[in-house]
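The values are calculated or read from the model by the stated rules, or taken from the named source; none is laboratory data. What you are looking at is a predicted structure, and each value in this text was computed from that prediction instead of being measured. FYI the Cβ positions are ideal-geometry reconstructions off the backbone, even for glycines, and counts take in every protein chain you see. In case anyone asks, the SASA skips ligands and DNA or RNA and just uses the protein heavy atoms, side chains included. Shrake-Rupley method; radii C 1.70, N 1.55, O 1.52, S 1.80 Å.
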Amino acid sequence: MLALLGRSHRVVHEQPQHILYGVDYSASMDARQREWISRRIASLESVRPSGVLRAVMVFGADAQIAMPFGRDRLDDPSRIRQVLSEHPVASSATNVEAALLSSVGSLPPGQGGRLILFSDGRETAGHAGGLLAHAR
């Protein structure tokens, strides 16, 4: 009825969004690539709404959360580099499968979220292809 009268009524339902940045810190990633990743995360964060919960995961042969979910903005590349360097992982391999499993387990149940994965794609351990349908 409101539309017929030229008016509208909008109901906004906000659901928290979760973004998990996964950063490859294996030996195949050099300092230049790590610097680019830090700048790219900061660039994405500069346009992301403040209500989004974000976290950072670092992975190599294993994976771990370097920064738990929170609303702190990640718009400073040097801070991102510091957070990543404080959480060393086994750099002997790139296990994207471990990163995907860790990310699925880190997201709040029933709410889901998004994973933004930064890697050179040289998977030397695990098999990520088998998990893609589940992670989706």
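Please work out if GLY105 is outside any loop (DSSP other than H, G, I, E, B), surrounded by fewer than 13 Cβ atoms within 10 Å (Cβ to Cβ) and either in contact with a His (Cβ under 9 Å, 6 or more places away or on another chain) or at pLDDT below 70 (or both). Yes.
Within the stretch 23-34, restricting attention to residues that are open to solvent by 60 Å² or more (accessible area, probe 1.4 Å) and among the hydrophobic types (A, V, I, L, M, F, W, C), the residue that is nearest to LEU84 (Cα to Cα) is ALA31.
Among the residues of the stretch 58-76, the one identified as farther than 20 Å from GLU35 by Cα, open to solvent by 80 Å² or more (accessible area, probe 1.4 Å) and in contact with a Ser or Thr (Cβ under 7 Å, 6 or more places away or on another chain) is ARG71. Look at ARG79 and say whether it is surrounded by 15 or more Cβ atoms within 10 Å (Cβ to Cβ), modelled with pLDDT of 75 or more, within 17 Å of ILE19 (Cβ to Cβ) and over 12 Å from the mean Cα position of the chain (by Cα). When the stated conditions are applied, ARG79 passes them.
Of the residues in the stretch 35-57, not one is open to solvent by 60 Å² or more (accessible area, probe 1.4 Å), of a type in the set (A, V, I, L, M, F, W, C) and touching a residue at least 60 places away in the same chain (Cβ under 8 Å).
Return a yes/no flag: does the stretch 10-18 have any residue that is modelled with pLDDT of 75 or more and closer than 29 Å to PRO109 by Cβ. Scanning the stretch 10-18 turns up at least one residue that is modelled with pLDDT of 75 or more and closer than 29 Å to PRO109 by Cβ.
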